[in-house]
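Any read-out appearing in this document is the output of simple, stated calculations on the displayed coordinates, not a laboratory observation. Nothing here was measured: the structure is a model prediction, and the numbers come from that model. Cβ atoms come from the backbone with ideal geometry, glycine included; neighbour counts cover every protein chain shown.
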Amino acid sequence: MSASTKTDLIRTPILLSHGPGCFDGTTCAVAVARYYGTHTVVPRFTHPSNLDAVIQQIAEKTQDPQDLWITDMAWRDRATDQRLRQLIDRGWNVFWVDHHRNAIEKPESEILDIHLTGHVISDRYAASRLLFDFLLSLPPMSPESQQWLSDLHKIVMLADEHDRWLHNGHEGTSMHFALAIEQLARQGTGLDGFRSLLEIDKDAMMTPLLERAYGEAKTEMNASLALARSSRQHHTISDLNLTILHARCNKYASQVGDALRAPLSNGIVVLFSESDGRYSLRRSEDCEVNLAGVATLLGGGGHPKAAGFQLSSPDYDPEDLITKLEAAVMTWHTADK
C-alpha cells in the first residue's frame, strides 16, 4: 500500500471515476463530492480503457488549475504520467486512488515521479473504502462536510462488500444497491445513481427510485441468466484439469457469472455480454487462476476473482474465444510457476 498527501484543497473538484454503472466507482465520486461539501459537482464517469483520452482532453481544454481526482481505475499510457506531471507543475492538485492490478503493478518510482498530490494504491479494500479512509485523514473542508462524508460510511462498506464479492453469492443489501446503480446507469443521463447516493441518508435506506430500479434490474438479470444457461458450453483444459464454462448474456454479467460459477469445481466462467461486446471472467471458489493476470494478457484487467476484457471482433465467436483464453491461461500458469 502506498499513500501520500499535501493539503491546500481550495477548488471545485473534477471527478473521474469508473462508471456510471459501477457501485464502487459511483461511491468514490459521491465520497469526493461530500468531502468538498458540494451538491452541484458533475462527475465524469468512464471506462478505464478510455481514461488516457479523457485525461488528455481535460488537460488540453481546462486552463485554470483544478483539483483532479482519479478513482477506481488506472491509466495505461506512460504519456499520461507526463501529462499529469505537467498539470501539477501548472498548479493542479492531482489525486489517485485505485485497487486494480495494473495500478498495483505500476512501479512505485513511476508513481513518485509524477509528484501526485495524494495517492492510495492497494488491493486491501475496494477503491471506495480506500478513498473514504483517505478523505477522513485529510483536513476537513468544514464541520458540515466532514459530517456529510462520515454519514456515507454504511454505503462505503456495502460497496466494498460487493466489489470484493464478500457476499459469496448471497443477494443481500449490497447486491440490491449494485443492481439498482447499474440499472439507473442504463437510463437517463447516467447520473441518477450518483445523485441518489449523494443525497442518501446515513442509514442507507433505499429510495423509491433505487427500489424501482432494483425491481427492473432483477427482471432483466433473470432474463440474462436464462440466456446464459441456455447458451452455455463447456471446455476442459486437460493439463490443468480446469473447466471453462462460456456463454452469452445480455446484461448484469457480474451477477450472472456469480450464479453460474457456484456449482463449478476448479472452473472459470466467461460471459460475452451482448449489450456491450465485453467478456467477463469469474472463477469458482476452489479455482486458483488469477483472472486479472489472464485478462491482462487479453488486453483487459480486473481482480484475481473477477476480471474482464474485449476482443477485436465485436461478435461472439466461441472457437476464437477458447483458443485465445486457453493460451492466456497457460501463459499465466507458466509464468506463475
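When each of Lys305, Lys61 is scored by the number of other beta-carbon atoms lying within 10 Å, the sequence from fewest to most is Lys61, Lys305.
Over every Cα atom in the stretch 72-165, the radius of gyration and the widest Cα-Cα span, Dmax, amount to 14.7, 40 Å.
With Rh defined as the Kirkwood radius, the inverse of the mean 1/r over Cα pairs, the Rg/Rh of the stretch 226-336 is 0.92. Which angle between 0 and 90 degrees, to the nearest 10, do you get for helix 127-137 versus the longest principal axis of the chain when only C-alpha atoms count? Its long axis makes an angle of about 20 degrees. Axis of helix 318-336 versus longest Cα principal axis of the chain: the two differ by about 70°, to the nearest ten degrees. In the stretch 12-79, the C-alpha radius of gyration followed by the widest Cα-Cα span (Dmax) gives 11.8, 34 angstrom.
Considering only Gln66, Gln57, Gln147, the Gaussian network model of the chain with Cα springs below 10 Å gives its largest mean-square fluctuation to Gln57. Taking the Cα centre of the stretch 2-164 as reference, the dipole from Cβ charges on Lys and Arg (+1) and Asp and Glu (-1) amounts to some 180 debye.
Across the stretch 2-164 the C-alpha pair distances fall into 10 Å bins from zero in the proportions 11, 44, 38, 8 percent. Would you report the distance distribution of C-alpha pairs in the chain as whole percents per 20 angstrom bin, up to the bin with the largest distance? Binned Cα distances yield the sequence 31, 57, 12, 0. Electrostatic tally near Arg85: other residues with Cβ closer than 12 Å to its Cβ, Lys and Arg +1, Asp and Glu -1, net -1. When peptides 137-145, 80-88 are sorted by average Cβ neighbour count within 10 Å, with the highest value leading, the order is 80-88, 137-145. Quick one: net charge of Glu60's neighbours, Cβ under 13 Å, K/R +1, D/E -1? Local charge sum for Glu60: +2.
Computed from point charges on the beta carbon alone (+1 for Lys and Arg, -1 for Asp and Glu), the dipole magnitude for the chain about its Cα centre is near 160 Debye. Peptide packing for 280-292, 196-208 was compared via the average number of neighbouring C-beta atoms within 10 Å per residue; ordered from the highest value, the list is 280-292, 196-208. Taking Lys and Arg as +1 and Asp and Glu as -1, the other residues whose beta-carbon sits under 13 Å from that of His18 total -4. Applying a threshold of 29 Å to the alpha-carbon distances of Lys61/Lys202; Lys218/Lys324; Lys106/Lys305; Lys61/Lys106; Lys154/Lys218 flags Lys61/Lys202; Lys218/Lys324 as lying beyond it. Across the stretch 253-259, computed HN-Hα scalar couplings (Karplus, 6.51 cos²θ - 1.76 cosθ + 1.60, θ = phi - 60°) run 4, 4, 6, 5, x, 5, 5 Hz from first to last residue, x flagging Gly and Pro.
Each peptide among 13-23, 178-188 gets the average number of other Cβ atoms lying within 10 Å of its residues, and from highest to lowest they stand as 13-23, 178-188. Going by neighbour counts of Cβ atoms within 10 Å, the residues Asp276, Asp336 line up, fewest first, as Asp336, Asp276.
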